[in-house]
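The values are calculated or read from the model by the stated rules, or taken from the named source; none is laboratory data. Here the structure is a predicted model, which is why all the values come from computation and not from measurement. Here the Cβ positions follow ideal geometry from the backbone for every residue, glycine too, while neighbour counts run over all protein chains shown.
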């Protein structure tokens, strides 16, 4: 029996189809699609890699978010981050009246909130940008959601700060602070267009776990090695892997 993950938003948001959440399998990168299954083995034969591209759901940017990060401010003689909100024409009065959780001004986290972490250096010691998320995410009792940058399909310009939220009891929108990648370029000027993939959502059941360390069973281990040698080509796909269902 399938579980339901529900994405809930104001009708103004729901009406814009290209910013709606979708199963992330609809966002498989083009370079992966173009890889051939014929000839030498490549990453397309790796089922664990495929699962990262097709498991869970995708949240997209609901706005155009134009930013200039670590840019020298001649007037203040300091490095700063600048931004401009655009994209779909959201009526600010409607946003305020209906309490729609979306960027209509500037939302930042101060540097003290990530002090001491490598993220601060990557962000050039500047305040952290934040995309306000208009979607309330609802999962069945006992299920939480892991939020992370799209796995193996990351936008090199930025990445959200990963987190886990108990979405079965949290009845508000989950917002997404993100770090600008300034390790390659000292200053970054770019735009996150509305509809850009920003978050991979992975719902999971909360269970009680205990850790155990054991020595391996040598007979079973040798048997597994021999079986893999006999069925060397796509052994994991044909003998072990279970196809996942996300819709």
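May I ask you to list pairs of residues, at least six apart or on different chains, whose Cβ atoms are under 6 Å apart, with the first in region 219-247 being within 30 Å of residue 6 (Cβ to Cβ) and the second being assigned to a loop (DSSP other than H, G, I, E, B) and at pLDDT 80 or above?
From residues that are within 30 Å of residue 6 (Cβ to Cβ), the pairs are 244/55.
Quick check on my filter: what residues within region 73-90 are touching a residue at least 12 places away in the same chain (Cβ under 8 Å) and assigned to a loop (DSSP other than H, G, I, E, B)?
If the condition is that a residue be touching a residue at least 12 places away in the same chain (Cβ under 8 Å) and assigned to a loop (DSSP other than H, G, I, E, B), then 87, 88, 90 are the ones that fit.
Restricting to region 127-149, and then to whatever is in contact with a helix residue (DSSP H, G or I) (Cβ under 7 Å, 6 or more places away or on another chain) and assigned to a loop (DSSP other than H, G, I, E, B), can you tell me which residue is surrounded by the most Cβ atoms within 10 Å (Cβ to Cβ)?
That would be 134.
Name the residues in region 182-210 that are assigned to a loop (DSSP other than H, G, I, E, B), within 21 Å of the chain's Cα centre (by Cα) and modelled with pLDDT of 90 or more, would you?
Result: 193, 194, 195, 196, 206.
How many residues are in a loop (DSSP other than H, G, I, E, B) and loosely packed, with under 12 Cβ neighbours inside 10 Å if we restrict to region 99-126? Spell out how you get there, then give the answer.
Here is the first cut: in region 99-126, the ones in a loop (DSSP other than H, G, I, E, B) are 99-107, 110, 115-117, 123-126.
Okay, now just the ones that are also loosely packed, with under 12 Cβ neighbours inside 10 Å, so 99, 105, 110, 115-116.
Qualifying residue count for the region: 5.
Hey, any hits in region 48-68 for a residue that's buried (at least 16 other Cβ atoms within 10 Å of the Cβ), over 25 Å from residue 174 (Cα atoms) and touching a helix residue (DSSP H, G or I) at 6+ places or on another chain (Cβ under 9 Å)?
Yes, that holds for at least one residue.
Regarding residue 213, is this residue at pLDDT 95 or above and assigned to a strand (DSSP E or B)?
In short, no.
Of the residues 62, 40, which is assigned to a loop (DSSP other than H, G, I, E, B) and closer than 26 Å to residue 194 by Cα?
Details: 40 fails: closer than 26 Å to residue 194 by Cα.
None of the other options fit; the residue is 62.
Consider residue 96 carefully, then state whether it is in a helix (DSSP H, G or I), under 23 Å from residue 17 (Cα atoms) and free of Cβ contacts under 8 Å to residues at least 24 places away in the same chain.
So residue 96 fits the description; yes.
In region 31-74, which residues are touching a strand residue (DSSP E or B) at 6+ places or on another chain (Cβ under 8 Å) and on the phi > 0 side of the Ramachandran plot?
Answer for region 31-74, where residues must be touching a strand residue (DSSP E or B) at 6+ places or on another chain (Cβ under 8 Å) and on the phi > 0 side of the Ramachandran plot: 56, 70.
What is the one condition in (1) in contact (Cβ under 8 Å) with a residue 60 or more places away in the chain; (2) farther than 30 Å from residue 10 by Cα; (3) assigned to a loop (DSSP other than H, G, I, E, B) that residue 70 does not satisfy?
(3)
Surrounded by fewer than 11 Cβ atoms within 10 Å (Cβ to Cβ) and either within 23 Å of residue 134 (Cβ to Cβ) or in contact with a strand residue (DSSP E or B) (Cβ under 9 Å, 6 or more places away or on another chain) (or both): does that describe residue 91?
No; evaluated as a whole, the condition is false for this residue.
Considering only residues that are touching a residue at least 12 places away in the same chain (Cβ under 8 Å) and more than 18 Å from residue 24 (Cβ to Cβ), which ones fall in region 195-215?
The answer is 205, 206.
Can you name the condition, by its number, that residue 246 falls short on among (1) modelled with pLDDT under 95; (2) out of contact with any strand residue (DSSP E or B) (no Cβ under 9 Å at 6 or more places or on another chain)?
Among (1) modelled with pLDDT under 95; (2) out of contact with any strand residue (DSSP E or B) (no Cβ under 9 Å at 6 or more places or on another chain), residue 246 violates only (2).
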